[in-house]
1. Once amide H atoms are built 1.01 Å from N in the peptide plane, which residues 5 or more positions from A:Leu387, or in another chain, come under 5 Å H to H?
2. Using a 10 Å cut-off on Cβ to Cβ distances, tally the other chain neighbours for every residue of B:22-29 and report the average as a whole number.
3. How large is ³J(HN,Hα), in whole Hz, for each residue of the range B:71-80 in order, when computed from phi with the Karplus curve 6.51 cos²θ - 1.76 cosθ + 1.60 and θ = phi - 60°, using x for Gly and Pro?
4. In peptide B:51-57, how many Cβ atoms from other protein chains are near each Cβ within 10 Å, on average?
5. What residues have an amide H closer than 5 Å to that of A:Leu419, excluding those fewer than 5 places away on the same chain, when H is modeled at 1.01 Å from N in the peptide plane?
6. Could you tell me which residue out of A:Gly423, A:Thr285, A:Ser142 lies farthest along the dipole of chain A toward its positive end? Charges go on the beta carbon: Lys and Arg +1, Asp and Glu -1, centred on the Cα centre.
7. In this model, which of A:Lys40/A:Lys324; A:Lys167/A:Lys205; A:Lys396/B:Lys6; A:Lys205/A:Lys243 are farther than 20 Å apart at the alpha-carbon?
8. Report the net charge of residues surrounding A:Lys422, where surrounding means a beta-carbon distance below 14 angstrom and charges are Lys +1, Arg +1, Asp -1, Glu -1.
Amino acid sequence: MTKLAFERPIIQRINAGLPSKYGMSHRLEPLSHIDGTPIKDLIGEFGSPLFVLSESTIRKTYKEAHRAFSSRYPNVQFAWSYKTNYLNAVCNVFHQEGAWAEVVSGFEYDKAIANGVPGELILFNGPDKSTEDLQKAIRNNSLIHIDHFDELYEIIHLSKEMTERPKVAIRVNMDTGIYPKWDRFGFNYENGEAWDALNRIMANKNLDLMGLHTHIGTYMMSVDAYRIAAGKLADLAIKLERKHGHVLKYIDMGGGFASKNTLRGAYYPGTDTAPSFDDFAEAITSVLMSSDIKPDHLPMLILETGRAMIDDAGYLVGTVIANKRLADGRRATILDAGVNLLFTAFWYEHDVRPVQPVSDQTEDTTLYGPLCMNIDVIRGNVMFPLLKKGDQYVIKRVGAYNNTQWMQFITLRPNVVMLDSKGNPHLIRKREVLETINSQEVMPEHLKQFKL
Amino acid sequence: MVKIKKNIAISDSGFVFDPGSGDSYSLNPSGLEIVQMIKLGKDFSAILEAVTEKYEVDSDSFERYYYDFIATLAQLHLTEPDGKD
């Protein structure tokens, strides 16, 4: 008997209703699990709200970024941008993957050292480095990225007192054709200040000029800006070799790669518009490879990208506190996490989803946080399913900046867990308690008693 | 083992209704056949055997189609969340 022809099995949704300008009506699919772990169980065990970080997403994203650059350039090094998320467990995932540390303050520097990062693998950026910070960095052979002439002269001064030779790079700001132009950090390329700084460093016999650094902006949607920046740094490297015979060890292109979050007011979603790691890598490496730098003098390419490395790995999960109607009849849903925990809500139209499948009905809703502040809006005017009190929600792509810029305002910061590669949760930052805050306060003797 | 949610209504003609979401779907004949076998409690190897016996399809291709189809069902929330094959 001959067999029948096989057609692959399919199931198609039967759509009714009118298409919008984007096609058929949009539906927010629930997100019930993170890395195979039910969100409901995580909230049950660790409380609500709760930050959840996915270790496997961090590692996957790191590998993807590293592959994009290392497949195009012979010598690539990533450095984890501590300010983006300096929870120690997060830092250590990146360090396990091979990333150095990039820090912008004495506090972050100490954090990296405490995490076990060797001093010589720490890049020290930022405009505020105290004398003690600089001494420590020089002693540890860390790579100091000089921000201004006052810092340069302080390092020159310290180099005379200390036995170790400071390892330095300069931070270069420049016009890369984007707006706003970041010119407050480092030395300007166009007006010759950067070249001047390099010459002064070369003239000083106590300093080791290791590299050049730039950080052209944040949430960069244009890869062309990186192409221009890489070209200008390559020009400086060539001039240095031509004039001083000095070969740089590295060129540090900073960070600022856009994540897939959608900026407030953006027409298209970030998932459609953010360039990929391959796009950024192609722009940067093609310029360096085709520059006049001699092939055997190609410097190490350092990347400090933070946001694009960690945003996707972070989730904020929580519970609906209440629903209400606003004066104009719109629906307001109050969540138990607000801008105190989700600082990035000021910039992004975050992707908020229900955890459990709920009705297909949606309504024009404003999602508020729990603070007594009018600006505490997580999403304004979003077509959102009708969640009720006690229902759970999840906010995607919150890994960058929220665990460093969160506020302790009228409430305490919640637990943070990391899911390991098997989806098992590990508590990586304990929720604050009253004592956490009170332990830092000191009560003057005459204010200890009162009678009401 | 994959399980279709109990409340999902499936007609003999391949019309599927999810009362939880209010969504309705249509299955093609092979999709319907597979869903009916899943509802009868058959696992992947039993379904593979039945399908490859009846249809002109090799087991490798079917496995790919099958898991793609099951992932679609899961995406549409038609299967029990922890059901795996």
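1. Counting only residues 5 or more places away or on other chains, the set is empty.
2. On the way: counts 3, 7, 4, 5, 5, 4, 6, 3.
Counting other chains' Cβ atoms within 10 Å and averaging over B:22-29 gives 5.
3. Couplings: 5, 5, 4, 5, 4, 8, 6, 9, 10, 5 Hz.
4. On the way: counts 3, 2, 1, 4, 5, 5, 6.
Average neighbour count from other chains, rounded to a whole number: 4.
5. Residues meeting the amide H criterion: A:Leu53, A:Ser54, A:Glu55, A:His426.
6. The residue sitting most towards the positive pole is A:Gly423.
7. Details: A:Lys40/A:Lys324 24 Å; A:Lys167/A:Lys205 12 Å; A:Lys396/B:Lys6 30 Å; A:Lys205/A:Lys243 16 Å.
Where the Cα-Cα span goes over 20 Å, the pairs concerned are A:Lys40/A:Lys324; A:Lys396/B:Lys6.
8. Details: positive: A:Arg59; negative: A:Asp35, A:Glu55, A:Asp420.
In short, -2.
Every number in this text was worked out from the coordinates using simple rules, so none of it is lab data. These figures come from a predicted structure and were not determined experimentally. Backbone-built Cβ (ideal geometry, glycine too); neighbour counts: all protein chains shown.
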